Amino acid sequence: MSQVEIRELRKSYGALEILHGVSLNIEEGKFVVLVGPSGCGKSTLLRMLAGLETVTSGDIFIGSDRVNDTQPKDRNIAMVFQSYALYPHMTVAENMSFSLRLKRESPAVIEREVKRAAEILGLTTLLPRYPRQLSGGQRQRVAMGRAIVRNPQVFLFDEPLSNLDAKLRVQMRAEIKQLHQRLETTTVYVTHDQIEAMTMADEIVVMRDGKIEQRGAPLELYDRPETVFVASFIGSPSMNLLRGIVVTKDGTFGVKVANGDVLPLDGDWSKFVGKSVTYGIRPEDISLGRDDLRVRVDVIEPTGPETQVLGTVGGDKVTVLLKARADYAPDATVGFAIDQTHVHVFDAESGRRLTSSSQKALAH
Amino acid sequence: MSLVAERAPYAGRSSVRQWWNNGNALPYLLLLPSAVVIGVVILIPFFEALQYSFTNSSLLEVGKFVGLDNYTKLLSSKDFWNAFRFSVIFALANVIGCYILGLGLALLMNMEMPFRGFFRVALLLPWIIPSVVSIVSWRWMVADHNAVFNQIIQLFGGRPIFFLSNNDWAQFIVVLIKIWRSFPFMMLSLLAALQGIDRSLYEAAALDGATKWKAFWHVTLPQIRDVSIVLCLLMTIWSVNDFDTPFLLTQGGPANSTENFVLLAYKYTFARNDLGTGAAISFVTLIILMVFIVIMLRRQREA
């Protein structure tokens with residue numbers, strides 16, 4: 001059953017359209033991450049779900065109700081803000097109980113709910129403190145506690161980890177995921193950090209310029225990006241993208257790139273011969289062995305288990321992630337092998353994924 | 001040997017020199033100019049006035065020490081209690097009036113609306129215009145039966161009101177014009193405080209189920225509480241010490257009904273040539289204000 005349904009949602013500020021007709025179903029209990037660069041409309045979409053922004057056109061359903069014109073408080077949602085938005089003059093307990101007090105719940109109910117949320121988040125000893133007496137991570141937890149207390153149908157998170165330092169961010173990431181596994185409340189989470197998206201989401205929605213670029217499970221997006229944008233956005237270090245032309249020789253196909261190398265292609269690409277394409281290969285799908293791709297080395301970055309080689313092919317930057325230790329002199333030209341079963345080909349003009357005739361046959 | 005001999009004369013001063021060379025003297029040196037200015041402008045007159053308040057001095061001669069005579073005479077005089085009554089009314093009405101008007105306008109100015117920039121500047125005018133100009137203009141508008149206000153009243157068939165000759169009206173007008181002159185400061189300071197409030201607090205409150213009014217009560221007011229207390233304290237001090245408004249409008253009349261402590265001190269000192277009592281009034285005012293401020297600040301800290 002879908003818990004949140006968005007149909008052809010548009011948002012404009014004056015003549016400027018921010019969202020261009022976004023449609024999205026979110027199933028009950030799922031953890032959905034909206035990810036994209038800043039300005040892609042992900043936060044606007046979340047705030048429209050929350051009722052903090054008006055809807056220009058389209059519909060939003062939460063549960064079975066159309067909530068376009070419903071007040072935020074009546075949407076049965078809870079939101080965690082980037083700045084936490086804790087009331088500075090209230091203690092942790094008061095912050096968490098504010099919504100219940102406004103509803104005039106009985107003191108017994110309020111105490112029970114606050115206690116329950118505090119226990120889930122390990123906040124019990126902090127209840128009498130004020131926000132200013134808490135660390136960033138603790139404030140973050142209080143903000144989540146305030147959301148939990150309300151027993152909402154949907155949790156909304158607006159870049160909740162971006163104000164934390166790197167170490168704490170990793171820790172809170174796991175905590176939020178655990179919390180979701182425990183409560184199983186439908187969650188919509190906005191971030192610009194693709195690692196957060198990959199690690200936390202049941203489903204990722206990649207947004208760009210007010211549109212949904214692609215949606216799917218994290219590894220689906222990783223293994224089969226539908227556009228160059230998704231290919232470059234998901235994964236770190238990001239996918240190598242080399243411009244070239246599809247060529248054929250002796251019944252095999254390849255892409256000829258700027259430095260003259262012909263990079264291998266699997267399958268039958270006969271209908272694309274002569275076409276300009278973008279050849280995508282992830283850094284970890286390149287290895288030592290054959291000389292498929294000759295790279296001029298710029299920098300070597302050893303991390304212990306892996307060695308990252310940064311270099312150029314023609315004018316394009318290339319990253320190679322080797323599972324072995326290696327050392328090359330700068331400006332040396334080194335040949336690498338490409339795992340041709342993991343090659344992604346995109347139309348150079350439209351940026352959309354191209355599939356070989358044999359892949360299509362497999363898919364059907 | 002020669003080195004020791006050369007150093008010997010400075011041995012006694014070496015600690016002072018060291019203190020100086022270490023830069024320890026610098027903060028004191030930097031504070032010196034303001035300490036001198038404060039001493040000359042505030043402390044000397046302060047103690048001189050304190051000294052006068054125990055004498056029967058006039059403007060022409062330093063009188064004899066008379067102990068607490070000036071104070072006892074003052075506390076048993078009708079004038080003093082009359083000035084006390086009006087000072088309290090004046091300060092209280094001004095603080096309350098300014099706060100309500102200032103906060104209301106600050107809330108309005110904090111909203112998106114057309115011509116907001118114009119209104120923000122326009123509403124500051126009463127505060128910017130020199131007091132003599134603004135108060136005298138007001139007096140022309142209310143003073144006699146041909147003044148603008150009375151012409152308007154007569155236009156609608158009413159009888160002219162002698163605003164500054166009737167005790168109640170005069171007190172009302174003095175307070176009203178004081179509010180008109182001082183609300184912009186309150187408005188500006190509260191507007192700054194309002195703009196400092198994190199907007200996401202209101203969004204969180206909206207999600208938590210707060211109406212506009214509840215958000216004002218539970219978010220806005222607590223957030224501007226500290227600023228409000230300081231502003232009200234300042235307003236109180238400035239009201240109690242206000243000379244311009246009552247002096248330029250009514251000179252304390254009619255029948256001393258708009259006479260506050262400052263006017264009373266002025267009257268004793270310059271009209272009655274009784275410097276001792278005038279100084280004593282200043283000190284009683286100071287003590288009353290200090291007690292009030294200490295109580296308020298202590299309550300603020302407790303809350």
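The values are calculated or read from the model by the stated rules, or taken from the named source; none is laboratory data. The structure presented is a predicted model; accordingly, all values stated were derived computationally and were not measured. Quick reminder, even Gly has a Cβ in these numbers, built from the backbone with ideal geometry, and neighbours come from all protein chains shown. For accessibility, only protein heavy atoms count, side chains too; no ligands or nucleic acids. Shrake-Rupley method; radii C 1.70, N 1.55, O 1.52, S 1.80 Å.
Quick notes on this one:
- A single entry from A:ILE204, A:ILE245, A:ILE176 fulfils the requirement of being open to solvent by 40 Å² or more (accessible area, probe 1.4 Å), β-branched (Val, Ile, Thr) and out of contact with any Cys (no Cβ under 7 Å at 6 or more places or on another chain): A:ILE245.
- Once segment B:151-161 is narrowed to residues that are open to solvent by less than 70 Å² (accessible area, probe 1.4 Å) and of a type outside the set (A, V, I, L, M, F, W, C), the residue that is farthest from B:GLY252 (Cα to Cα) is B:GLY157.
- Among (1) open to solvent by less than 10 Å² (accessible area, probe 1.4 Å); (2) over 27 Å from B:VAL95 (Cβ atoms) - the single one B:VAL148 does not satisfy: (1)
- Among the candidates B:LEU231, B:LEU264, B:LEU207, residue that is within 30 Å of A:LEU102 (Cβ to Cβ), touching a residue at least 60 places away in the same chain (Cβ under 8 Å), surrounded by 18 or more Cβ atoms within 10 Å (Cβ to Cβ) and in the same structural domain as B:GLY97 (by TED's automatic domain parsing): B:LEU231
- Single residue of B:ASN241, B:ASN273 found to be assigned by TED's automatic domain parsing to the domain that holds B:LEU124, at positive phi and either in contact with a His (Cβ under 8 Å, 6 or more places away or on another chain) or open to solvent by 20 Å² or more (accessible area, probe 1.4 Å) (or both): B:ASN273
- Only residues that are among the hydrophobic types (A, V, I, L, M, F, W, C), under 19 Å from B:PHE185 (Cα atoms) and open to solvent by 50 Å² or more (accessible area, probe 1.4 Å) were counted in segment B:210-228, giving 1.
- For segment A:248-291, the set of residues classified as open to solvent by 50 Å² or more (accessible area, probe 1.4 Å) and either among the acidic types (Asp, Glu) or in a strand (DSSP E or B) (or both) consists of A:THR248, A:LYS249, A:ASP250, A:THR252, A:LYS256, A:VAL262, A:ASP266, A:ASP268, A:SER276, A:GLU284, A:SER287, A:ASP291, listed by residue number.
- Long-range neighbours under 7 Å by Cβ, at least six apart or interchain, first residue of a type outside the set (D, E, K, R) within segment A:22-33, second assigned to a loop (DSSP other than H, G, I, E, B): A:GLY29/A:GLU184; A:PHE31/A:ALA201; A:PHE31/A:ASP202; A:VAL32/A:ALA201; A:VAL32/A:ASP202; A:VAL33/A:ALA201
- Which listed residue, of A:VAL320, A:VAL345, A:VAL309, A:VAL334, is surrounded by 13 or more Cβ atoms within 10 Å (Cβ to Cβ) and farther than 14 Å from A:LEU288 by Cβ: A:VAL345
- Only one of the listed residues (B:PHE90, B:PHE84, B:PHE54, B:PHE80) is over 30 Å from B:THR250 (Cα atoms), surrounded by 14 or more Cβ atoms within 10 Å (Cβ to Cβ) and among the aromatic types (Phe, Trp, Tyr). That residue is B:PHE54.
- Checked against the criterion of being open to solvent by less than 70 Å² (accessible area, probe 1.4 Å) and within 14 Å of chain A (Cβ to nearest Cβ), the candidates B:LEU123, B:LEU194, B:LEU201, B:LEU164 yield just one match: B:LEU201.
- Of all residues in segment A:31-49, exactly one satisfies the criterion of being aliphatic (A, V, I, L, M) and surrounded by fewer than 22 Cβ atoms within 10 Å (Cβ to Cβ), namely A:LEU46.
- Long-range neighbours under 9 Å by Cβ, at least six apart or interchain, first residue without any contact (Cβ under 8 Å) to a residue 40 or more places away in the chain within segment A:50-61, second of a type in the set (A, V, I, L, M) and part of a strand (DSSP E or B): A:GLY51/A:ILE60; A:GLY51/A:ILE77; A:LEU52/A:MET79
- Screening B:ILE177 with (1) within 14 Å of another protein chain (Cβ to nearest Cβ); (2) surrounded by 20 or more Cβ atoms within 10 Å (Cβ to Cβ); (3) within 23 Å of the chain's Cα centre (by Cα); (4) not small (Gly, Ala, Ser) gives one miss only, at (1).
- Hits in segment B:105-132 - residues which are closer than 27 Å to B:LEU248 by Cβ and outside any loop (DSSP other than H, G, I, E, B): B:LEU105, B:VAL121, B:ALA122, B:LEU125, B:PRO126, B:TRP127, B:ILE128, B:SER131, B:VAL132
- Every test in (1) closer than 18 Å to B:VAL284 by Cα; (2) outside the structural domain of B:LEU264 (by TED's automatic domain parsing); (3) not in a loop (DSSP other than H, G, I, E, B) is passed by B:SER57 save one, and that test is (3).
- The residues in segment A:50-80 that are within 17 Å of A:LYS211 (Cβ to Cβ) and open to solvent by 50 Å² or more (accessible area, probe 1.4 Å) can be counted, and the count is 1.
- Among residues of segment B:191-235, those that are more than 15 Å from A:ALA85 (Cα to Cα) and part of a loop (DSSP other than H, G, I, E, B), counted: 1
- Single residue of segment A:1-15 satisfying the filter (at pLDDT 90 or above and of a type in the set (A, V, I, L, M)) that is farthest from A:CYS40 (Cα to Cα): A:VAL4
- Scanning segment A:85-95 for residues that are touching a helix residue (DSSP H, G or I) at 6+ places or on another chain (Cβ under 7 Å) and more than 10 Å from chain B (Cβ to nearest Cβ), we see that the one that is nearest to A:GLN140 (Cα to Cα) is A:VAL92.
- Any hit, segment B:149-165, residues being at pLDDT 90 or above and polar (S, T, N, Q): no
- For segment A:108-135, the set of residues classified as in a helix (DSSP H, G or I) and loosely packed, with under 15 Cβ neighbours inside 10 Å consists of A:ALA108, A:VAL109, A:GLU111, A:ARG112, A:ARG116, A:GLU119, A:THR124, A:THR125, A:ARG132, A:GLN133, listed by residue number.
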